[in-house]
Amino acid sequence: MTRRMVVVWLVLLVATVVSLSVEQGNVGAKVTGVVVTVIALFKVRLIGQQFMGLREAVRPLQLAFDAYVTVVAVVLITIQLAFA
Amino acid sequence: MTAPATTDTGRIPGEVGIWVFVLGDMSVFALFFSTFAYSQARDGSDFTRAQKQLELPFGLLNTVLLLTSSLFVAIAVHRVLQGDPRRVRQLFVGALACGLCFLGVKALEWGQLFADGRSAGGTGGEGEMFNYYFMFTGIHALHVVIGCIVLSRLIALDPAQPRTDNQKVLVESGGIFWHMVDLLWVVLFALFYLTR
């Protein structure tokens, strides 16, 4: 279990480095915004599933959390694409 | 406080009440995130010019600190639930140290911005960005302070004594709160430091 948590932590760090490299690259503000947002919400879900214990939680709680992640991702990406 | 709730298809980590609070708090922050993203998209270059004045290394260091503290807390909580007392207190102390370092880095960052004449209450795209920055990161820092108090309470539990069901719920609920503090920062870091 400890090893799995360390692997999750490493994935979170790698995801952070990837989003950093996207910010440093010349891919345009819209693409950067979308990719960085998707990576951030992926990290949020990973923390929820693996660290907060949602992986073994009752289904409604898992669904509520996933709904939150999905709604925030959709709203932020829509704003970035529609209003920028 | 009640014993951990379980069903045939899963369990409720911690207490039901902590999830009501956590999901409610996360929803408030979702409004913060959306408001910020809308203002950023509307104001354009003035807004992003202000974002570029934020020091990325500060944000990155704080991200690593909170992710690492979450790892410590996750391992400690798992061990408490399994009845394994090995290094539980040290893990919580490590998480608390990361939390305090986060606050130190944040104070340093704010201090530099204040010294450069940045503050809340400004106008225009640039001023609006710093209004959001100081308000949202300030509210988040308050969460870190509360989390540090919670971790201090968990550190104070006697590691030599077997945990009661109520103590296990307390430990797991405290851990869930700390992870929420971490995941809120993950989004704040992305919005303020990386989308510019």
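The values are calculated or read from the model by the stated rules, or taken from the named source; none is laboratory data. The structure presented is a predicted model; accordingly, all values stated were derived computationally and were not measured. Reconstructed Cβ throughout: ideal geometry from the backbone, glycine too, with neighbour counts over all protein chains shown. In case anyone asks, the SASA skips ligands and DNA or RNA and just uses the protein heavy atoms, side chains included. Shrake-Rupley method; radii C 1.70, N 1.55, O 1.52, S 1.80 Å.
In segment A:1-46, the qualifying residues are those that are open to solvent by 60 Å² or more (accessible area, probe 1.4 Å), without any contact (Cβ under 8 Å) to a residue 12 or more places away in the chain and not hydrophobic (A, V, I, L, M, F, W, C), and the one that is farthest from B:F58 (Cα to Cα) is A:R3.
Among the residues that make up segment A:55-63, is at least one of them out of contact with any Gly (no Cβ under 6 Å at 6 or more places or on another chain) and of a type in the set (G, A, S)? So far as segment A:55-63 goes, no, none of its residues is out of contact with any Gly (no Cβ under 6 Å at 6 or more places or on another chain) and of a type in the set (G, A, S).
Reported count of residues in segment A:1-46, each being more than 17 Å from A:V71 (Cα to Cα) and in a helix (DSSP H, G or I), is 27.
Of B:S45, B:S34, all but one fail to be among the hydroxyl-bearing types (S, T, Y), more than 23 Å from A:V11 (Cβ to Cβ) and at pLDDT 95 or above; the exception is B:S34. Pairs under 6 Å by beta carbon, first residue closer than 16 Å to B:H140 by Cα in segment B:51-67, partner of a type outside the set (A, V, I, L, M, F, W, C), six or more apart or different chains? Filtered contacts from segment B:51-67: B:F58/B:E109; B:G59/B:Y193; B:T63/A:T16; B:L66/B:D182. Per the conditions (1) closer than 28 Å to A:A73 by Cβ; (2) open to solvent by 10 Å² or more (accessible area, probe 1.4 Å); (3) of a type outside the set (F, W, Y); (4) within 11 Å of chain A (Cβ to nearest Cβ), the sole criterion not satisfied by B:Q51 is (2). Taking segment B:66-79 as the range and being surrounded by fewer than 23 Cβ atoms within 10 Å (Cβ to Cβ) and more than 8 Å from every other protein chain (Cβ to nearest Cβ) as the test, only B:R79 passes.
Taken together, the residues in segment A:56-84 that are open to solvent by 40 Å² or more (accessible area, probe 1.4 Å) and within 16 Å of A:L46 (Cβ to Cβ) amount to 2. The single condition from (1) under 30 Å from B:Q90 (Cβ atoms); (2) modelled with pLDDT under 95; (3) open to solvent by less than 40 Å² (accessible area, probe 1.4 Å) that B:V186 fails is (2).
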